[in-house]
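See structure below.
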Amino acid sequence: MLLPIPFILAAGLWVSWPWIAPQLRSTTSAKGAADLVVVLDGIPSRLAAAERIVAALPAAPQHLLIRCPGLPLPPQAMSELLQGFDTATQITALAQWFAQQQSPRPLRVWIATDPDHTARAVLNAQIALGPLGIQVGPTPPPQPSHGERHKIMRDALRLQLWRATGSTGAWLAPEVAARKHQACGL
């Protein structure tokens, strides 16, 4: 049985919307919008990545930290979300946080994490934040290692599932979710 063409077109538009919406927003006015640097977990290498991003930007952006409650607080003060036990849930927590904010959303969110983790985190953020009209950097992200490549597709599917249902599907791998919950102190 062949799928009707309108269904195929609608599905294609839905899947690609995270990359289309930010382009549409950048062509319109986004008054009061500033960049935001989001640090995934407050470990020193990721805080250093945030400082490199800040140094490269023309205007000083705001910072936001998303971390597991079990991790120590970073030495510098920054806004904080105590949600997310893995990359997918950290990024969805960020998208939900933006949905609740009254102030203008940033035009661009910069993801600060380890170089090997950046490609996956950026793709996750593009899928979750793109429909809100938010661009995600760095672009292009660094190439992932061989070990990270399979995680990219898994997380991309989890984020598309989250867009459709509100769940990242962590329950599909209960032993992995339990291990990550425990590591995060949840």
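When region 117-144 is filtered for residues that are closer than 19 Å to Ala164 by Cα and outside any helix (DSSP H, G or I), the ones remaining, listed by number, are Gly133, Ile134.
Residues that are open to solvent by 20 Å² or more (accessible area, probe 1.4 Å), closer than 23 Å to Ala48 by Cα and of a type in the set (A, V, I, L, M, F, W, C) are absent from region 133-149. Thr168 meets the conditions (1) polar (S, T, N, Q); (2) assigned to a loop (DSSP other than H, G, I, E, B); (3) over 18 Å from the mean Cα position of the chain (by Cα) in every case but one. The failed one is (3).
The values are calculated or read from the model by the stated rules, or taken from the named source; none is laboratory data. All of these numbers come straight from a predicted model, not from anything done at the bench. With ligands, DNA and RNA removed, areas are computed over all heavy atoms of the protein, side chains included. Shrake-Rupley method; radii C 1.70, N 1.55, O 1.52, S 1.80 Å.
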